[in-house]
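Engineer: Let me begin by handing over the structure; questions about it come next.
The values are calculated or read from the model by the stated rules, or taken from the named source; none is laboratory data. Here the structure is a predicted model, which is why all the values come from computation and not from measurement. So basically every Cβ, Gly included, is an ideal-geometry build from the backbone, and we count neighbours across all protein chains shown.
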Amino acid sequence: MSYNKKFFDTLRLAEISDFDGIELIPLGTEQVDDEKLGKLSDELPILPIRNIILFPGMVIPITVGRQKSVRLVKKAYKGDRTIGVIAQANPSKEEPVGDDLYKVGTVAHILKMIVLPGGNITIIVQGRKRFEVTEYVKTEPHLLAKVSYIEDTFPTKLNRENKALVQSLREAAGKILLLNPDIPREAQIALDNIESPNFLVHFLSANINAELAEKQQLLETLSGIEQAQNLLEYMMKDIDLLELKREIQSKASSDIDQQQRDYYLRQQIKVLQEELGVDSPEAEIDKLRAKGANKKWSKEISDHFQKELGKLQRTNSMSAEYPMLMNYVELLADLPWNEYSKDNFDLKKAQKVLDADHFGLEKVKERIIEYLAVLKMKGNMKAPILCLYGPPGVGKTSLGRSIAKALGRKYVRMALGGLHDESEIRGHRKTYIGAMPGKLMQNIKKAGSSNPVFILDEIDKVGSDHRGDPSSALLEVLDPEQNSAFLDNYLEVEFDLSKVLFIATANSLDTIHPALRDRMEIIDISGYTMEEKVQIGKKHLLPKQKEEHGLENKTINVTDGALQKIVEGYTRESGVRKLEQEIGKLIRKITKAIAMGDDYPKVIKPDDVVKLLGTEIFDKDLYETNDLAGVVTGLAWTPVGGDILFIESLLSRGKGGVTLSGQLGDVMKESALTALSYLRAHSDEYGIDYRIFDNYHLHIHVPAGAVPKDGPSAGITMTTSIASVLTQRKVKPHLAMTGEVTLRGKVLPVGGIKEKILAAKRAGIKEIILCNKNKKDIEEITPAYIADLTFHYVDHVDEVLKIALLPEKVSKPIDFVFPEEKKENVLA
C-alpha cells in the first residue's frame, strides 16, 4: 500500500475550514448511495486524468489545468456534479482523444471545487461506479461519451473460500501497515471500519503500491473475486519488497556499528604496531614520499604521484581499495624514471665480447658495432628495433645477452610465444579486480634502468583471440617515433621507451603482423656450416657441458673428427641445439664412468663417438641418387633450416592425365602443371614422343606425405623429374637444384639459399643448380665452407636439362607401346 498526502495538503493550501454543508464520505466507509444522487445518464462528460486511477467509493483530489477540463468541471459543478473520470493510457498526450484513454473509468461525484492561485482548479471527487465507453459523441467544448455501466459482482453472501480470501486481504494490508512506516496509523482505523468486502477490494486496489497499468487492470476486472485474487498477488509482492527493504536497512545499521568497532580495533592495532616497531600505514606513506623526492621524473609525473599519494593517505587502510592504491603508488616509485645505465663505448672491447660469446654471425656483430659507433659520436639516438630472424638453435636469444654485456646495459627477456591477451602488453585498467601493469613495464621495473637490452623472444608466435591482438599493441612499443610516450593502461602516465634497445627474435616472418614487421630491422641469421658447428662445439658447447656436469677440472678432449661425426650422424638441423644435447649425452657417459671408477677415453675420436652414443641416427648415403628415371633431388627451406627433398615421377599405361601426391600446396601443384605444359609444348626439342602424353599416365610424388610441402623452390626440380621420366635419361648423380620456372621456361630466383646449401652439403651433394640471380647469395657465404661444391647458374630450363640429364638411358628404360593409328580412306 502507498500513502498519498495530496488530498490533505490540497485542503491545507486552500485553507478549507468547511465544506459548505456538503457531507463528505470519509475513507473507509460505504459507497455513495446512488438514489440520493439521482439516476445516471447514458451520456457522460469525460474528464481525462494522469497517473491516478479512481475506484468506486474512493475520495481523491484532482487538480484540473487544461481549458477543456476547466470548462467541464465548472459546468458539472453548477449542474448535477456528475462526471466520468478516465485515466490516460498515454500520459504525455496534452489533448487526449479516444485512443489515448482507457476504455473503463469511474463515475465521480464532485464534492468540492477549490480555485487555487494561478487559475488552476482542484476538485474533490468520490467514485460511484464503473463504466465502459462505447462511443465518444463530442470532443468540444469537452469530451462527451456514450457509456454502459458496470455493476459490482462481489457476492453479498460469502462462502468459506471467499471469506478466507477477504481475511487474507485484511491480514496482508495489516502487514503492509506494519512494514511501511510512511503510512499513518489512522489508516489502520480506516481499514478496521470497512465492513463491505466489495468496498474493501476497491479501497485496497486504490492504495496498493503498483503501476498505473496494473491498477487499471484491477479496475477493468469485472469479477469481484478475480479482482480480489489479483489484488492479493500484488500485495504479497509488496510485502516481499518491504521485508527486503527492512532487511537491507537492518544490515546497513549493523554495518555502521561494525565500522565503529573496526575503528576502535584499528586504533588498538596502531598502538601495538608502534610498540612492536612495525611500520604503520602512515610510516609507509612517508617512506614512499621520501622515495619520490629522489626520483628524476618530470613535474607532470611528480604532481600525479603526489596526487595519488594524497588519495592513498585519505583512504582507510582496512578498506579493499587501499592495497590497490598502495600497489599503484609503489609501482610509480619503483619504476626507473629517466634512470639510465652508462654505455660502454670501447668498440674494440665490445667486438671481443661478441666474438668470444658467438662464433660467426658477422652481420649481427657488425650491426651492433655500427650502433655503438653512432651512439659514441652523437651521444644520443633513438634505439633501433632489431629482429633476429632464423631457424631454431642458431643463438638468437643468447645473442641478446651478449649484446647487453658488450654495451654494459641491463638484460631483460620477455617470452611472447603463445601470448593472446593484449593486456599482457598494455596492462589492465586499475579499476579491474587483480589489475596489474603489462609485462613490458614489469620487466622495466625489474631491470631498474630505462635503457636495457630488451629481448622480445618468439615474436612470430604471438596469437590473437577475443581478448585482443597483442601484435597491434606492440606497434606502439616497437615504433621509434611513438615509444617515447608509451602509455600503459595500468600506469596511466606516459613512459619513455625510446632509449630501450629492443631485439626481437623470430623463426618465421610470415606470421608477423605486416605493420609490425615494417617497424623492425630484419637481420637474417642463417644456419651454421659444418666447419662452424665444429668450432662452436669445441669453443662453446663442450666447455659449457663439462662445467654443468662437474668435469671442468678433468682433461677431456674431443677431436674435430669426433665433433664432425656427431654433427653428421646424430644431428640434422641448422642450429646447434641438438648438437649441444648430443655433446651433453657424451659428457654424461664419461661422468658416469668416472663416478663408477671405470676407464674412459681422455681423447674422444670418431670411433669413440659410436661406442658412447650408439649407432648413427642419420645416414648421409640415404640422400644419394640412384639409377631410376624421374628421381631428382631438390632443395627446400623450412622453419628449422634447410633440407633436401626428392621428387619422383612415374609413367604407367593409361589414357593420359596427371596425379600429384605428397600433401603438396597450391604453389607446388602449379609448378608441376607448368613444367608439364612446358615439356609438352617443347617435346620435339627434347626428343619426347608426343604420343606419351595421351597414352601414359604421369604420377608425380614427393615422399614424406605426412609433411605438408609448399613453396616456389621446386619448379626446375619438377621439370627435370618429368623430363627424365619422359626421355628415360639418367639424372646426374650428387646433383641438387632449386628455383622456380615460368611457362616460357625462364628460371626465377628463390630465397633461403644459405640454408639450402648447408642442407645439400650435409647430404653429400656435390653440384647445385641455381638461378643466375641467386649468385649474390652464394658470394655472402664464406668461400672456405663451400670450396668442395660446384655451382651452375642458369637462366633457362634448357640449361638446367643440359646439366642435369645425362645422354645415356637408365638401366631399364620403359619400352613405350602405342596403339596403331587409324588411317583415313581418302577418295580420289
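Engineer: Any residue in the range 475-489 that is touching a residue at least 60 places away in the same chain (Cβ under 8 Å), more than 29 Å from Gly393 (Cβ to Cβ), surrounded by 21 or more Cβ atoms within 10 Å (Cβ to Cβ) and not acidic (Asp, Glu)?
Structural biologist: Scanning the range 475-489, I find no residue that is touching a residue at least 60 places away in the same chain (Cβ under 8 Å), more than 29 Å from Gly393 (Cβ to Cβ), surrounded by 21 or more Cβ atoms within 10 Å (Cβ to Cβ) and not acidic (Asp, Glu), so the answer is no.
Engineer: Can you list residue pairs whose Cβ atoms sit under 6 Å apart, with the first residue in the range 667-694 being in the same structural domain as Glu740 (by TED's automatic domain parsing) and the second being surrounded by fewer than 17 Cβ atoms within 10 Å (Cβ to Cβ) and among the basic types (Lys, Arg)? Count only pairs 6 or more apart in sequence or on different chains.
Structural biologist: From the range 667-694, the pairs are Phe693/Arg680.
Engineer: Could I ask something else about it? Please work out which residue is farthest from the chain's Cα centre (by Cα), limiting yourself to the range 758-786 and to residues that are among the hydrophobic types (A, V, I, L, M, F, W, C) and part of a helix (DSSP H, G or I).
Structural biologist: At the first step, the residues of the range 758-786 found to be among the hydrophobic types (A, V, I, L, M, F, W, C) are 758-760, 763, 765, 768-771, 778, 781, 784, 786.
Filter once more, so that each one left must be part of a helix (DSSP H, G or I): 758-760, 778, 784, 786.
On the way: Leu758: 41, Ala759: 40, Ala760: 43, Ile778: 44, Ala784: 50, Ile786: 48 Å.
In this case the residue turns out to be Ala784.
Engineer: Anything in the range 209-230 that is surrounded by 20 or more Cβ atoms within 10 Å (Cβ to Cβ) and under 51 Å from the mean Cα position of the chain (by Cα)? List them, or say none.
Structural biologist: Across the range 209-230, the qualifying residues are Ala210, Lys215.
Engineer: What is the residue count in the range 171-187 for residues that are surrounded by 15 or more Cβ atoms within 10 Å (Cβ to Cβ), at pLDDT 75 or above and over 21 Å from Ser223 (Cβ atoms)? Reasoning before the result, please.
Structural biologist: First, the residues of the range 171-187 that are surrounded by 15 or more Cβ atoms within 10 Å (Cβ to Cβ): 172-173, 175-177, 179-180, 183, 187.
Those still in the list that are at pLDDT 75 or above too: 172-173, 175-177, 179-180, 183.
With over 21 Å from Ser223 (Cβ atoms) added as a condition, the list becomes 175-177, 179-180, 183.
The total comes to 6.
Engineer: If you don't mind, there's one more thing I want to ask. Select from the range 501-523 the residues that are in contact with a Ser or Thr (Cβ under 7 Å, 6 or more places away or on another chain) and part of a loop (DSSP other than H, G, I, E, B) and list them in ascending order. Spell out the reasoning first.
Structural biologist: Here is the first cut: in the range 501-523, the residues in contact with a Ser or Thr (Cβ under 7 Å, 6 or more places away or on another chain) are 505, 513, 516.
Correct list: His513 only.
Engineer: Which condition breaks for Lys146 when tested against (1) modelled with pLDDT of 85 or more; (2) part of a helix (DSSP H, G or I); (3) of a type in the set (Lys, Arg)?
Structural biologist: (2)
Engineer: Next question. Does the range 449-481 hold any residues that are more than 27 Å from Asn327 (Cα to Cα), part of a loop (DSSP other than H, G, I, E, B) and polar (S, T, N, Q), and which are they?
Structural biologist: Within the range 449-481, just Ser464 meets the criteria.
Engineer: Restricting the range 726-743 to residues that are in a loop (DSSP other than H, G, I, E, B) and within 48 Å of the chain's Cα centre (by Cα), which is farthest from Pro712 (Cα to Cα)?
Structural biologist: Kept after step one, since they are in a loop (DSSP other than H, G, I, E, B), are these residues of the range 726-743: 728, 732-734, 738, 742-743.
Cutting the leftovers down to within 48 Å of the chain's Cα centre (by Cα) gives us 738, 742-743.
Numbers: Thr738: 9, Thr742: 11, Leu743: 14 Å.
If we take residues in the range 726-743 being in a loop (DSSP other than H, G, I, E, B) and within 48 Å of the chain's Cα centre (by Cα), then Leu743 is farthest from Pro712 (Cα to Cα).
Engineer: Does the range 313-350 hold any residues that are closer than 14 Å to Gly408 by Cβ and either surrounded by 15 or more Cβ atoms within 10 Å (Cβ to Cβ) or not charged (D, E, K, R) (or both), and which are they?
Structural biologist: Residues satisfying the conditions are Tyr340, Ser341, Asp343, Asn344, Phe345, Leu347, Ala350.
Engineer: Of all the residues that make up the range 744-757, how many are touching a strand residue (DSSP E or B) at 6+ places or on another chain (Cβ under 7 Å), assigned to a loop (DSSP other than H, G, I, E, B) and either basic (Lys, Arg) or farther than 19 Å from Pro391 by Cα (or both)?
Structural biologist: Residues meeting the conditions: 2.
Engineer: Give all pairs with beta carbons closer than 7 Å in which a residue from the range 328-350 that is closer than 28 Å to Ala485 by Cβ meets a residue that is surrounded by 15 or more Cβ atoms within 10 Å (Cβ to Cβ) and among the hydroxyl-bearing types (Ser, Thr, Tyr); count only pairs at least 6 apart in sequence or on separate chains.
Structural biologist: Once the first residue is closer than 28 Å to Ala485 by Cβ and sits in the range 328-350, its partners that are surrounded by 15 or more Cβ atoms within 10 Å (Cβ to Cβ) and among the hydroxyl-bearing types (Ser, Thr, Tyr) give Pro336/Ser449; Pro336/Ser450; Asn338/Ser450; Glu339/Ser449; Glu339/Ser450; Tyr340/Ser449; Tyr340/Ser450; Ser341/Ser449.
Engineer: Which of the residues belonging to the range 609-624 are over 27 Å from Ile765 (Cα atoms) and either at pLDDT below 80 or surrounded by 16 or more Cβ atoms within 10 Å (Cβ to Cβ) (or both)? Steps first, please.
Structural biologist: Taking the range 609-624 as the starting set, the residues that turn out to be over 27 Å from Ile765 (Cα atoms) are 611-612.
Residue satisfying the conditions is Leu612 alone.
Every residue, every condition in (1) of a type in the set (A, V, I, L, M); (2) more than 30 Å from Asp240 (Cα to Cα); (3) touching a residue at least 24 places away in the same chain (Cβ under 8 Å); (4) part of a loop (DSSP other than H, G, I, E, B), yes or no:
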site	(1), (2), (3), (4)
Ala87	yes, no, yes, no
Thr106	no, yes, yes, no
Leu111	yes, yes, yes, no
Lys129	no, yes, yes, no
Tyr136	no, yes, yes, no
Pro141	no, yes, yes, yes
Ala164	yes, no, no, no
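Engineer: Return the residues of the range 36-52 that are assigned to a loop (DSSP other than H, G, I, E, B) and either modelled with pLDDT of 85 or more or more than 11 Å from Gly84 (Cβ to Cβ) (or both); say none if nothing qualifies. Talk me through it step by step, then tell me what you get.
Structural biologist: Taking the range 36-52 first, the residues assigned to a loop (DSSP other than H, G, I, E, B) are 38-42, 50-52.
Listed by number, the residues that qualify are Gly38, Lys39, Asp42, Arg50, Asn51, Ile52.
Engineer: Those residues that are of a type in the set (Gly, Ala, Ser), crowded, with 19+ Cβ neighbours inside 10 Å and more than 13 Å from Gly614 (Cα to Cα), I need them from the range 554-572; list them, please. I'd like the intermediate steps shown before the answer.
Structural biologist: As a first pass, look at the range 554-572 and keep what is of a type in the set (Gly, Ala, Ser): 561-562, 569.
Applying the additional criterion that residues be crowded, with 19+ Cβ neighbours inside 10 Å yields 562, 569.
Of everything in the range 554-572, just one residue is of a type in the set (Gly, Ala, Ser), crowded, with 19+ Cβ neighbours inside 10 Å and more than 13 Å from Gly614 (Cα to Cα), namely Ala562.
Engineer: In the range 270-302, what count of residues is obtained for those that are in a loop (DSSP other than H, G, I, E, B), modelled with pLDDT of 75 or more and either under 18 Å from Asn316 (Cα atoms) or assigned by TED's automatic domain parsing to the domain that holds Phe495 (or both)? Reasoning before the result, please.
Structural biologist: Here is the first cut: in the range 270-302, the ones in a loop (DSSP other than H, G, I, E, B) are 277-280, 294-298.
Add one more test, that the residue is modelled with pLDDT of 75 or more, and what stays is 294-298.
Filter once more, so that each one left must be either under 18 Å from Asn316 (Cα atoms) or assigned by TED's automatic domain parsing to the domain that holds Phe495 (or both): none.
Here the count works out to 0.
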